[in-house]
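Report on the following structure.
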Amino acid sequence: MTWHLHGAIITPFGTAANNRGENEGNITTLQKLLWRGSVHTTVSAEAIRWAIRYFWQRLSAERSELATNRQWNDDRDDNTWRDQKWTAWDGDGGEGTYIDDDVLGFMLAEGAKSDGSDIASPKGKKAKGTIEKRRGALEVTRAVSSTPFAGDITFNAKSGTKGSTSLYGTEVHATRFQYGFTLTPERLRVRRRALDTLDAIVALGEVAGNHSRFHYDFSPDSIVLRLTHDPAPRLLYCFDDESEPVRMTELARKVEAGDIDAKELWLGGAISTTEQAKEIARRGARSEAGVVPTSHALKTELKKVLAL
């Protein structure tokens, strides 16, 4: 049977904002959505995936197996590719493939070589475009703030010059963010990359939009991991909104109801001290005071079940 690694993460409490870049108007906004009847701020899954790729890129000088195909050039403010045709994917093995293509996937769509004004082929068929793609093995949800957005804005003045955008405002939200992920290691060309993916998620620093980023720690303050044959996560957004300390009432309910086997769970971080976590641990879950020890324990089990 296929193994799936599901995870739920909640960050430390902090102040989230996007610093103002050039030519972005007078208000730098945060992304928002309507969540359970209130406006909450949100961070896209694409931003989280970008941060995972950048984490690998920065470590690749020391560990060649973490080399990424798509690389961010800070000086040019643009991406470069090592293999934009993904030639290594023509074979069945993982030799020559890059970790970001394997875990996060890729897509290159090219238009037809001729357009509608060109002469049709002898068979009367129009030329078609081509597409190179691979669905990523890692799926990530949007991150949603644990508290509603109250509309806080700081007003600032650009020093040194005066103009239409010299005075500007920045939306700021003091909150936590929670998000989830699913990884199916057996879909990877190189299954050991599942371990590197968990390392990246546990060690994420800043995750934000705009070229000028406000520092917000996106590493887990608490984490719930589930290693299971069940393709359904059943634990996404399991942390209670606005609770301090963080609680996970819905997860505890599902364990008690039998929808989640506690023996499939690893709990780590601040939640490990709660009565809910202690009760789930009594039912068979592994619990650690730290997030990093939790990931290490899960990786040990993952190596065992995947025969790595």
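Values as computed for the structure displayed
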{"quantity": "From the options Asp92, Asp74, Asp83, Asp100, residue that is under 19 Å from Val207 (Cβ atoms), more than 19 Å from the chain's Cα centre (by Cα) and either among the charged types (D, E, K, R) or buried (at least 17 other Cβ atoms within 10 Å of the Cβ) (or both)", "calculated": "Asp74"}
{"quantity": "Answer from Leu225, Leu251, Leu195 - the residue that is over 13 Å from the mean Cα position of the chain (by Cα), part of a helix (DSSP H, G or I) and surrounded by 21 or more Cβ atoms within 10 Å (Cβ to Cβ)", "calculated": "Leu251"}
{"quantity": "Residue in region 89-97 that is under 30 Å from Pro245 (Cβ atoms) and at pLDDT 90 or above present", "calculated": "no"}
{"quantity": "Odd one out for Ser243 among (1) part of a loop (DSSP other than H, G, I, E, B); (2) more than 22 Å from Phe177 (Cβ to Cβ); (3) polar (S, T, N, Q)", "calculated": "(2)"}
{"quantity": "From the options Leu236, Leu308, residue that is part of a loop (DSSP other than H, G, I, E, B), of a type in the set (A, V, I, L, M), in contact (Cβ under 8 Å) with a residue 12 or more places away in the chain and in contact with a Lys or Arg (Cβ under 8 Å, 6 or more places away or on another chain)", "calculated": "Leu308"}
{"quantity": "Tabulated pairs, region 1-14, first touching a residue at least 24 places away in the same chain (Cβ under 8 Å) and within 20 Å of Ala262 (Cα to Cα), second assigned to a loop (DSSP other than H, G, I, E, B) and charged (D, E, K, R), C-beta under 8 angstrom, 6+ apart or interchain", "calculated": "His4/Asp230; His6/Arg234; Ile10/Arg176; Ile10/Asp221"}
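Results for (1) more than 21 Å from the chain's Cα centre (by Cα); (2) among the aromatic types (Phe, Trp, Tyr); (3) at pLDDT 70 or above, shown as yes or no for each residue.
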position	(1), (2), (3)
Glu110	yes, no, no
Lys133	no, no, yes
Thr141	no, no, yes
Phe155	yes, yes, yes
Thr170	yes, no, yes
Tyr179	no, yes, yes
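Matching residues to (1) more than 16 Å from the chain's Cα centre (by Cα); (2) more than 22 Å from Phe181 (Cβ to Cβ); (3) acidic (Asp, Glu); (4) modelled with pLDDT under 95:
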| site | (1), (2), (3), (4) |
| --- | --- |
| His4 | yes, no, no, no |
| Ile10 | no, no, no, no |
| Asn19 | yes, yes, no, yes |
| Ile27 | yes, yes, no, yes |
| Leu34 | yes, yes, no, no |
| Ser44 | no, no, no, yes |
| Trp50 | no, no, no, yes |
| Arg58 | yes, no, no, yes |
| Glu62 | yes, yes, yes, yes |
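The values are calculated or read from the model by the stated rules, or taken from the named source; none is laboratory data. All of these numbers come straight from a predicted model, not from anything done at the bench. Methodologically, a virtual Cβ is constructed for each residue, glycine included, from the backbone with ideal geometry; neighbour enumeration extends over all protein chains shown.
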